[in-house]
Amino acid sequence: MSEQNLDAIYYAVLDGNAPMARDETQKALDAGVTAEAILYQACIPAMDEVGYQFEIGEKFVPEMLIAARAMDSAMGLLRPLLVEEGVQQIGTVVAGTVAGDLHDIGKNLVMMMMEGAGFKIVDLGTDVAPQKFVEAVKIEHPDIVAMSALLTTTTRSIISTIQALEEAGVRDQVKIMVGGAPITQEFADKVGADGFAVDAGSAARKARELIAA
Ligand code: B1M
């Protein structure tokens, strides 16, 4: 039964059918499938397939967008289940998708998992200019600045944001975490970030490690 549930969610997200994605997610939860299984075995693989079909010219930007909306409708049900409630706050994270980049699904997942790990999250949204990160650091005094980039071209914005933090004299007050599909450990090391993670679960673990260090 759970395989069938997961397949139905996968195809609902792939086809960009938001009501079906939500209904099938509810059915799967009622059938005892975990929120984590739905996220990692249906929703994320469906978005990967959307990306692949975009690459080979079988899907276009509007279809990516409606798939993202379908995933978001499933996330409406999964979000509260993935975030543990009542966790003691262990630090503050200022998070955003860097300048020029509008992708926010991955960032939102990362924030959700970090929130579940006990962090207060200050979400700056998408297309966040370097100066906006700087201002947020000055106002919020976070432990971590988390930057997400999904486009090869916007990895440059990570570099300019780190430069802006250095120029403002606040770089050493925070740990910097970077992530997103084009980001690697090698890139993180090269730009002088303190942490990198491949997915939302390991991002939350890394954030805890960074503030414990
Ligand atoms: Co875009 N897009 N897109 N897109 N899009 C990609 C990223 C792409 C790989 C598709 C492809 O060609 N296969 C490609 C980038 C190629 C490249 O540069 N290497 C691409 C492109 C080209 C574009 C446009 C340029 C298309 C165009 O207009 N011609 C355009 C750019 C707009 C802009 O940003 N300025 C564009 C637009 C869009 C939409 C707006 C239509 C939509 C985004 C909607 C939204 O986010 N609200 C969209 C989508 C949906 C995608 C794909 C299909 C899915 C992205 C996603 O949500 N994945 C994507 C293909 C793909 O990823 N397979 C694609 C699911 C999500 C859970 O994964 O975001 O990787 P991800 O996040 C993961 C990890 O990366 C990691 O953890 C997350 C959860 O596990 N992670 C971190 C992320 N941030 C982290 C931070 C951390 C640690 C880990 O620490 C701080």
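The values are calculated or read from the model by the stated rules, or taken from the named source; none is laboratory data. If you're wondering where the values come from, they're calculated on a predicted model, not measured in any experiment. Note: ideal-geometry Cβ built from the backbone for every residue, glycine included; neighbour counts use all protein chains shown. Accessible surface areas use protein heavy atoms only, side chains included; no ligands, DNA or RNA. Shrake-Rupley method; radii C 1.70, N 1.55, O 1.52, S 1.80 Å.
Numbers below:
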quantity	calculated
Assigned charges on the beta-carbon of Lys, Arg, Asp, Glu; region 91-212 dipole about Cα centre (debye)	100
Where GluC sites (Glu not before Pro) in DSSP loops with at most 12 other Cβ within 10 Å are excluded, longest remaining stretch of the chain	86-213
Extension gain (nm, one decimal) between Ile56 and Ile211, 0.36 nm per residue minus Cα-Cα	51.6 nm
For the chain, size of Cβ-based charge dipole, Lys and Arg +1, Asp and Glu -1, in debye	500
Kirkwood-Stokes translational diffusion coefficient of the chain, alpha-carbon pairs, 20 °C, 1.002 mPa s, µm²/s	121
Accessible surface, the chain, averaged per residue in Å² (probe 1.4 Å)	50
Given charges at beta-carbon only (K, R positive; D, E negative), |dipole| of region 128-196 in Debye	180
Length released on extending from His141 to Leu81, taking residue separation times 0.36 nm less the Cα-Cα span	18.7 nm
Extension gain from Glu49 to Asp189, taking 0.36 nm per residue of separation minus the Cα-Cα distance	47.4 nm
Value of [θ]222 nm, deg cm²/dmol, for the chain, DSSP H segments ≥ 4, -39500 (n - 2.57) each, nearest 500	-17500 deg cm²/dmol
